[in-house]
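Reviewing the structure listed below.
Read-outs: derived from the displayed coordinates by stated rules, not from any lab. Because the structure is predicted, anything quoted here is derived from the model rather than measured. Counting neighbours? That spans all protein chains shown, and the Cβs are built from the backbone with ideal geometry, glycine included.
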Amino acid sequence: MKSNFNEAEESPGFMLWQVTTTWQKAMRTALEPFDLTHPQFVLLFSAKWLNERNDHAGITQVQLAQHVKIDVNVTSQVLRTLEKKGYIQRSPHPTDSRANVISVTASGDEIASRAVQAVEERDRAFFSVLGDEVGDLNRLLQILIKG
């Protein structure tokens, strides 16, 4: 079977994969001092952010998974690790027996606040080669996310 592309650089999927793996390496380096994986950071910071926007009323695992666009089962596994680290608490939802409410502990809030600075600094450095075209990249990525 032959590829439709004469050069690897003609394949947007392959190029996206290369950019993603390079960016993920940068994220691993940024998060290493905090002993967080990138999925742990994304879920922890997103839980913090969503709770702050919701007046700390709590969010469910499903809401969190939908926000970050990952599988609910993966979310549950990562949250279990964050709970063991003492960064989040899961408690039964007051009205939905199937749901858990996620809240961020004081230590989770502190580590998320420090880690986001390192992540955003690394992001700025990584994407700085695009200059003013970063906005165009974000616009195109939004199109892909919305499908």
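General observations
- Segment 88-142: mean projected area of Cα convex hull, nm²: 6.0 nm²
- Separation of the Lys84 and Gln117 label points, Cα + 7 Å toward Cβ, nm: 2.9 nm
- Order by protection proxy (mean Cβ within 10 Å, highest first), peptides 80-86, 141-147: 80-86, 141-147
- Rounded to the nearest Hz, the phi-derived 3J(HN,Hα) couplings of segment 16-28 under the Karplus curve 6.51 cos²θ - 1.76 cosθ + 1.60 (θ = phi - 60°) are 4, 4, 5, 4, 4, 5, 5, 5, 4, 4, 4, 5, 4, where x marks glycine and proline.
- Sorting Val68, Val129 from the fewest to the most surrounding beta carbons within 10 angstrom yields Val129, Val68.
- Here the contact order of the chain, divided by its residue count and restricted to Cα pairs under 8 Å and six or more residues apart, works out to 23 percent.
- Pairwise centroid distance, computed over Cα atoms, of segment 3-71 with segment 77-147, Å: 7 Å
- For Ala99, distant residues with modelled amide H under 5 Å away: His93
- Average silhouette area of the chain, convex hull of alpha-carbon atoms, in square nanometres: 11.7 nm²
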